[in-house]
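This report refers to the structure that appears directly beneath it.
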Amino acid sequence: MRILLLVVVTLLFVVPARGGEPLTMSVSPAQSFAPSNLRVRVRVEPDDQNRTLAVTADSAEFYRSTEMQLDGSNAPRTIVIEFAGVPGGDYKVSSFVLDPSGSRRASASQNVSVIPMMR
């Protein structure tokens with residue numbers, strides 16, 4: 001039993017943790033009342049080929065997007081973007097890192113619900 005415990009503990013410290021994703025994203029709040037301010041926090045792993053970060057919020061009746069230039073491996077790791085006054089709807093919020101030719105290098109998405117105001 002001691003040997004099994006020792007093996008498990010050793011593996012926990014020897015096996016490397018999952019490597020960093022090239023792009024991760026979180027959106028808050030995940031559910032809110034309209035009009036809402038959606039805060040998109042994007043974490044980009046530095047890479048010389050990273051040139052543009054594009055973030056979109058898309059629903060059946062509303063679309064908003066923004067692009068930001070990235071300076072390759074010198075770009076900030078964490079970028080926060082806010083979409084203000086977002087109306088009610090079910091949104092797919094997506095982020096994309098593009099290379100110098102405009103091709104996608106990485107992407108992430110999250111579904112968000114903005115509950116319409118009752119009239």
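The values are calculated or read from the model by the stated rules, or taken from the named source; none is laboratory data. Bear in mind the structure is a predicted one, so any value in this text is a computation, not a measurement. Please note: Cβ atoms are built from the backbone with ideal geometry, for glycine as well, and neighbour counts cover all protein chains shown.
May I ask you to say which residue of E61, E82 is of a type in the set (D, E), surrounded by fewer than 16 Cβ atoms within 10 Å (Cβ to Cβ) and at pLDDT 95 or above? Of E61, E82, the one residue that is of a type in the set (D, E), surrounded by fewer than 16 Cβ atoms within 10 Å (Cβ to Cβ) and at pLDDT 95 or above is E82. Among the residues of the stretch 6-41, the one identified as surrounded by fewer than 12 Cβ atoms within 10 Å (Cβ to Cβ) and either modelled with pLDDT of 95 or more or of a type in the set (D, E) (or both) is Q31.
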